[in-house]
Each structure stands twice: as structure tokens, then as C-alpha cells.
Amino acid sequence: MVVVSHHVPVPPERVFAVLADGWSYASWVVGAAHIRQVDGHWPAVGSRIHHSVGPWPVHVQDVSTVVAVEPGSVLELDARMWPVGGARIRLTLHADAGGTRIEMAEKLTRGPLRLLPKALQTPLLAPRNVEALKRLADIAVNR
């Protein structure tokens, strides 16, 4: 699992409000290009975001599904990005002095990239996830 974290100077509830807004997904998830639909009961377990991944005109339409949620503190997703594969992504919010530490853990679960050793997965995933957390933090602060 590749884990990155970022501090944001707002409480966890404010960060979770962004996670609970499925329509904001493409604004902070690096690689997500377009949101086509968000299930009405998002972010309940089993709900999905229907998204496009990648640059136009070669983007792929797929879905991300909530597999676990603890409102205000945890959102775990099964993110599909076929034909590249899929990943399990867990966002955990930790209240700390002056705000929230957001932790993002990602494990490739499907497709050819999951066969890469962790030493090669980390340089592929970590920079993208660091940028995603920066975007998430900016939205939470400026909302």
C-alpha cells in the first residue's frame, strides 16, 4: 500500500463535506476528467460515482464504489480505471492541532500495474496522490 498525507487547517467535518460531494470528485482526483453521474445516496456503502478517466478523446468511462464509510473520518473506495486496472483507496481524516491530517492509502488491486513491485508503484502513485490531497485541501479551505 502506498500512503501519503497532508495537513489542512480546517476541521475533519469540512474535509469530509468535500468527500461527501461526489460531484467534486473530478476537481481533486488527479486523472478524473468528468463526472457523469453520482448515486443519490453517495457516500453510503455501495453507492457509486460514474466518471471518465484520462484526457479527451481517449478517456475511459468507469465507476468508483464506496466500500466503507465512517462519516466525518473515513471513506474507502474501489476505484476502477479499466483497462489500466483498479485500486482500493482509503482516505482517513485525523483531527490534529490546527486542523486535519488527511491520509490517503492506495493499493492497486486489478490490472497489469498491480504486478509491479511496491518499489515501482510508489513513484507512480505517490506524486499523484500528494497532488490530489493538495487539491482536496484547497477545496476544503476555500469552500
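The values are calculated or read from the model by the stated rules, or taken from the named source; none is laboratory data. Because the structure is a prediction, the values reported are computed rather than measured. Counting neighbours? That spans all protein chains shown, and the Cβs are built from the backbone with ideal geometry, glycine included.
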Working only within segment 89-109, note down all residues that are surrounded by fewer than 22 Cβ atoms within 10 Å (Cβ to Cβ), of a type in the set (D, E, K, R) and either outside any strand (DSSP E or B) or at pLDDT below 95 (or both). Asp96, Lys107
Residue under question is Glu76, and the condition is that it be surrounded by 17 or more Cβ atoms within 10 Å (Cβ to Cβ) and of a type in the set (Asp, Glu); does it hold? yes
Being touching a residue at least 24 places away in the same chain (Cβ under 8 Å), crowded, with 19+ Cβ neighbours inside 10 Å and touching a helix residue (DSSP H, G or I) at 6+ places or on another chain (Cβ under 9 Å) narrows it down to one of Val30, Val3, Val15, Val10, so name that one. Val15
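In this structure, is Pro43 part of a loop (DSSP other than H, G, I, E, B) and buried (at least 17 other Cβ atoms within 10 Å of the Cβ)?
Details: part of a loop (DSSP other than H, G, I, E, B): yes; buried (at least 17 other Cβ atoms within 10 Å of the Cβ): yes.
Yes; evaluated as a whole, the condition is true for this residue.
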Any pair with Cβ under 7 angstrom, 6 or more apart, that starts in segment 122-133 at a residue that is more than 15 Å from Met1 (Cβ to Cβ) and ends at one that is in a helix (DSSP H, G or I): Ala132/Trp28
Sole exception among (1) under 19 Å from Arg88 (Cα atoms); (2) surrounded by 15 or more Cβ atoms within 10 Å (Cβ to Cβ); (3) over 12 Å from the mean Cα position of the chain (by Cα) for Gln61, by number: (2)
